[in-house]
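The values are calculated or read from the model by the stated rules, or taken from the named source; none is laboratory data. The shown structure was predicted, so the numbers you read here are calculated from the model rather than taken from an experiment. For neighbour counting, all protein chains shown are included, and Cβ atoms are generated from backbone atoms with ideal geometry for every residue, glycine included. The protein model used for the area step is the full one, side chains on, heavy atoms only, and it has no ligands, DNA or RNA in it. Shrake-Rupley method; radii C 1.70, N 1.55, O 1.52, S 1.80 Å.
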Amino acid sequence: MPRDLTADPLARTIMFDPNTSVPVRITAMDGVVTTRSELQLWLWKPVSDLVRTGITAVAINDSGPHAEVGFSDGTSGEFDAVIGADGINSWTRRTVVGGPDPTYAGSAVVRFQVPNTGGLDLTAMTSDGRLSLFVLNGGTTLHGVVFLPGEPDNNRDRTLTELAEGYGDLRGPLASLVKAMRTEPVGFYANINQVVTDEWAADRIALAGDAAHAMSPRLGQGAGVGLQDAAVLSELLTLPDLPVPAALAGYAGIRRPAAQLVQQRSHAATLRIGQAGAALELHTLANSGAGGSG
């Protein structure tokens, strides 16, 4: 990832026992932490003159030598290939392959941001995987994450102050985050959903990113797997004399097994949240075989 992206170094993660505050692992990392909006801006800048925003696809006809797409602003166009990278609730996935809908992955999550008044410069989490913090915005901001395993919408009505009650005796870096939770910062609650589909391509239309393999954020791999999709698509669609349907069929065959392996591991890690030592396997899972980087 280019270093001109507004990002903070991810050099190490320290895990703590949630009951005793004893550190149980230090994991060396080599990466950066940034916001989704910063990443989107970085990807958009080189192609900004080619991107139209504020419109969506509303019709696709793939019966001729080109795919015809109608848009919500009343315009239409013909394209050699159509890539539906339109997220977990993908219109392209529903329209072209008939689903499936997202399904619940076993945990909800609350995210929030607070000032980094303690000058923390590390990533920290409890070893049961429930509570994490990341440093953002040049070290000025802590990004807090509380995973809530259980049924959909569990603990949705609890305030951050109430959620902090379970960590009242926690000491060390995470204590700063727990203290900040009691100030009731704005939090964002969401059920974690995933999309599992074996249908990634049909003639001149294919799915990529979350439209094809939305996964739990537990391993931090979703964006990286989507970028790998884009790299393989770029490689195959620019090969000389290769028909587009063959390129897209090849893309699906190459990428689907690797992406679904990461997806399965992310789901398994999500189901482990709250169990003793659940976070200790994260680094191994995230780097074992098929992935991407978060």
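Observations
- Cα-centred dipole magnitude for the chain, charges only on beta-carbon of K, R (+1) and D, E (-1), debye, nearest 20: 840
- Which of 47, 82, 138, positive extreme of dipole for region 1-146 (C-beta unit charges): 138
- Long-range amide H partners of residue 193 with built H, under 5 Å: 105
- Accessible area per residue for the chain, computed on protein heavy atoms with a 1.4 Å probe, is 50 Å².
- Volume per residue for the chain equals 142 cubic angstrom (convex hull of Cα atoms).
- Beta bridge orientation in the chain: antiparallel %, DSSP, nearest 5: 85
- Percent carbon-and-sulfur accessible area, the chain, ignoring ligands, DNA and RNA, probe 1.4 Å: 53
- Residues whose placed amide H lies under 5 Å from that of residue 58, excluding near-sequence neighbours: 70, 71, 72
- Charge context of residue 103, other residues only, Cβ under 15 angstrom, K/R +1, D/E -1: -3
- Region 104-247 - percent relative contact order, Cα under 8 Å, separation 6 or more: 23
- Relative contact order [Cα under 8 Å, 6+ residues apart], the chain, whole percent: 20
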